[in-house]
Each structure stands twice: as structure tokens, then as C-alpha cells.
Amino acid sequence: MKKLIAVFLVVLLYWSCDNEPKSKVPNIVIINVDDMGWKDVGFMGSKYYETPNIDYLSSLGMVFTNGYASAANCAPSRANLMTGQWAQRHGIYTVSPSTRGKSENRKLIPTKNTHTLSPKHIILPEVLHKNGYITCHAGKWHLSDNPLEYGFDVNIAGGHNGLPKSYYPPYKNVNIEKGNSQYLTDLVMENALKFVDTVQKPFYLNYSPYAVHVPIMAVDSIVPKYEKKSPWKGQGNPEYASMVDNLDRNIGLLINKLKERNLFDNTLIVFTSDNGGLYGITKQKPLRAGKGSYYEGGIREPFFFVLNGKIQPNTKSGIPITNLDIFPTVLEYAGIDASSFQLDGNNLSPVLEEEVQVFERPLYWHFPIYLQAYNVNDNENRDPLFRTRPGSVIRKGNWKLHYYFEDDGVELYNLSQDIGERYNLAEANPEKVEELLKLLKKWWEKTNAPIPKIQNPEYVNKI
């Protein structure tokens, strides 16, 4: 009898140990939308665009009302996210070349731009792959010809192209396996769902749709809904709205697939955009300007994190963050030691899990290049010819300082009182200017930031 009891206890102990909940690393989904502005979604306040699936997803986690892209246009923002490093570390400052606009209007010779991300940089998918994740890129890549050479196991439609020539077949410059869908956004998701449906191990999905980048090509069945709606604060383009609406529908399909496979509750989801909305197509009032500008409309983004059991639903934070913080935060939740990597962002888990309420640090942007304006007659830039002239920006607390290399120009704004950056307070606050400039110059030195100084002999414009 004693022997039988002993055997039973051994079996019970084995059964108990075998059935104890094991800590599992989460799946990772990063949703990095192209050119979606801060208020191009319902959860950030739009009364024109309808995004019920994105709004629902945002309600399941923490929304950052001061979330930023670390650059104001596509390629540098994506390079920063993938490397976890500021642009001066990898040299991608813009979409080539850096000499955008007419030479006669450029006072300085800008820093030469790097077009392709060097393989010497250790990027997020490589780290996750080496730690047991299967990795998939879906959509816009824009950093090299082939993301499979950068740590991805699966590539859906990613190449060096920054936009599709068409959202309808033939897509011309987008290489993608055919399926049941015709519209490119639908087809990218169709293929992404196949990946999610078959994966049998922890996975990382870099979902980066070409939408809602130009060309503005309507989803015809959706347009009538928005033609009936009244414009709202600079948002009123039915064709663009149909692209936003359709993207939201596809994100709903992803949510449903994760739930169908019982993966949703163990998936860290990050949602953001690579830069601000395209001014003239959409506006982000009260923010100033749009894509390509380092005023708030060009860099402030819809931004949230979701992870069941770790991040409480329906929470908000006003702490300023950037997409540089995604890399270290993902590593934290994946259980990967980040100490050996040179990362310029911070692990946000103490903020996401509400262990801290204060997270003080300056945020920086560096753009030693030129980026021409789309419309000289309708923009909110510093001058009508350029969205960006060479300079740097620092935000510390509520204070934001712009510094321009052409003329040593300084603009200072208190975002708590002037989120629209309308009132330059530099002359009235010389001590604050001095404080922020001192931090900025130390940062240039620390990161070996290139500062354009050579005069352009072709310059004739005096704006």
C-alpha cells in the first residue's frame, strides 16, 4: 500500500510540474503605418476618419498622447526604429538625395545621405531571430533591396521602393504573391494572415503597409460614405479616407486571426506611424505643418502598446516617447538582454506597467539636409520653399527648441501652452534657450552629428 501511495505521489508531482503555467515569451507585432497623422484615427479625436478596429485595439492598452517618430519622413524613421539608433549612427537622414529643392535656394551644402542601411548594423529582426523568433516583414521596407538579408525569414512585398506605383494590379514596383485580393493593402494583409495562420513558434510580424502613402487611390466601395460626411478641421478627402478606412478593416482581420489562433493574449502589439500626415491631403489641427517638417504635425504620431496581463487597458500617458523606444521595449518583453547593444531609446516597460509616473529625458532630432515644400502657397513651414532646412530639435519637458544651421536661427515653444507652435518665445526666455542649446551641443558631440557648414556657391535666394 505504501509503495502504491509513493508511486501515486510521484505521478501527481510529475503531473503538477508538467501542467504548471510556463512563462512564455510574447509574440511581437509592430504596426508601422505609412504617413498616418496624429489625428487620422478616431481614438486621437478625428471626427472624419472612421477607425473602429484601431480604436478598439488602442482601448486594450496604453495610448501615448506625446508619441513621436524620430524623423519626419519615411526612410530615416524606419531605419531608426529598426536599429534603435539616431540617424547620425547610420547616416540615413531622408529619402535620397539630401539636396531636395532648387540649389539656388539652399544656402549650405547638406550632409550626404545614405540610401541603403548598412548590414553592419544589428537590427531588431536579427536579434529576435537569433533568440528563437520566426520573423516576417509585410509591406513597405524601404531600407534595402531585400529584407531577407536583414534577419527576416519571410518577406511579403518589401523592397527598396518607398511607395507603390499603383495600389491596383499590376503593382509594377511591388513584388508580391498573388491571392484573392486585388487592392494592395488587402493583398499584403492576406499574405500576412497566411503567415500568422501557419506559424508554430514565437513570431515577430513587422506589419508596415504601404497605405496610407501616396498615390491616393480610392477604395471605390468606401468613398460614398465619406462623400456624405462634412469635412472636419482640415480632414475631408474622401479618397484618402477610404484608404484609412480600408487599412482599419485589415487591422481588424489581423486582430481576429490572432484571437482565432489563441495568440492575441500573448502578443505584444505596438501601433504607430513612421511620420506625420501629408499636409494638403490631411491635417492634424491644432498641430502645425505635416510630413517632412519638424513642427509637431510632422513628427507627432498615434502611438500605443498592448499586452494582456502586463499593460492595463484604457490607460493613457503624457510622457514623451519616440519610435527609438520600441527596440529596447520589445527586447525587455521578449526576455532578451539589451546591455550589449548601443540603443538610443529607452525600455518603456516601467511606464507601460505604471511602475513610474515620471520619465524625464530630452528627446532629439537631427536633420542636416533639405526637404522641399510640396506647395509653396499652402504650408505651415518656417518658409514656403522647404518643409525642412538643415537643423536640429530638442524637446525637454514641455519646452521644444528648433535650431537652424543656415542662420543660427532659434525657435522656442512651450507645448503645454502652445501645441501649435505659433508663438516663438526665444527672445523672452534666453535662459531656457541657453539651457537647451547647451544640451543640444553636447548631444552633437556625443553622437558625432554632422553639422553642415560649407556655403553653397549657387545660393542666391535671400528668404
Ranking request for peptides 95-106, 33-44: highest mean number of other beta-carbon atoms within 10 Å first, then the rest in descending order. 33-44, 95-106
For q = 0.27 Å⁻¹, what log10 I(q)/I(0) does the stretch 81-162 give under the Debye formula with an equal point scatterer on each alpha carbon and no solvent? -1.35
Formal net charge of residues neighbouring N256 (Cβ-Cβ distance under 15 Å; K, R +1; D, E -1): -1
Note, N414: beta-carbon cut-off 15 Å, +1 each Lys/Arg, -1 each Asp/Glu, net -1
How large is the direction-averaged shadow of the alpha-carbon convex hull of the stretch 44-86, in nm²? 4.3 nm²
Shape call for the stretch 233-336 from the C-alpha gyration tensor, a ≥ b ≥ c root eigenvalues: rounded (a/c under 1.5), prolate (a/b greater than b/c) or oblate? oblate
Built amide H within the under 5 Å cut-off of T135, gap 5+: D153, V154, Y204
Compute the Rg to Rh ratio over the stretch 19-124 from the alpha carbon atoms, using the Kirkwood formula for Rh, and round to two decimal places. 1.10
In units of 2.2 N^0.38 Å, what is the alpha-carbon radius of gyration of the chain? 1.03
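Local charge sum around L163 (other residues, Cβ-Cβ under 9 Å, Lys/Arg +1, Asp/Glu -1)? Kindly include the intermediate steps, with their values, before the conclusion.
On the way: positive: K140, K165; negative: D34.
It works out to a net charge of +1.
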Only helices at least 15 Å long along their own axis, judged from Cα atoms, and with Kyte-Doolittle mean hydropathy of 0.0 or greater: name those in the chain from DSSP H. 2-18, 184-198
Checking the cross-link filter: which aspartates and glutamates have an alpha carbon closer than 12 Å to that of K316, excluding same-chain neighbours under 8 positions apart? E353, E354
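Going by C-beta contacts inside 10 Å, put F203, F341 in order with the fewest on the left. Don't jump to the answer; show the numbers that get you there.
Details: F203 21, F341 16.
Ranking F203, F341 by Cβ neighbours within 10 Å, fewest first, gives F341, F203.
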Determine which lysines satisfy two conditions relative to K225: a Cα distance under 16 Å, and not lying fewer than 8 residues away in the same chain. K47
Student exercise, the chain dipole from Lys, Arg, Asp, Glu Cβ charges, in Debye to nearest 20: 240 debye
Tell me the Rg and the Dmax, in Å, that the Cα atoms of the stretch 158-283 produce. 15.7, 47
Can you give the Rg and Dmax of the stretch 364-447 based on its C-alpha atoms, in angstrom? 13.1, 39
Report for the chain the percent antiparallel among DSSP-assigned beta bridges with both residues inside it, nearest 5. 50 percent
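Values in this text are rule-based calculations from the coordinates and carry no lab data. Nothing here was measured: the structure is a model prediction, and the numbers come from that model. Positions of Cβ are backbone-derived with ideal geometry, glycine not excepted, and every protein chain shown enters the neighbour counts.
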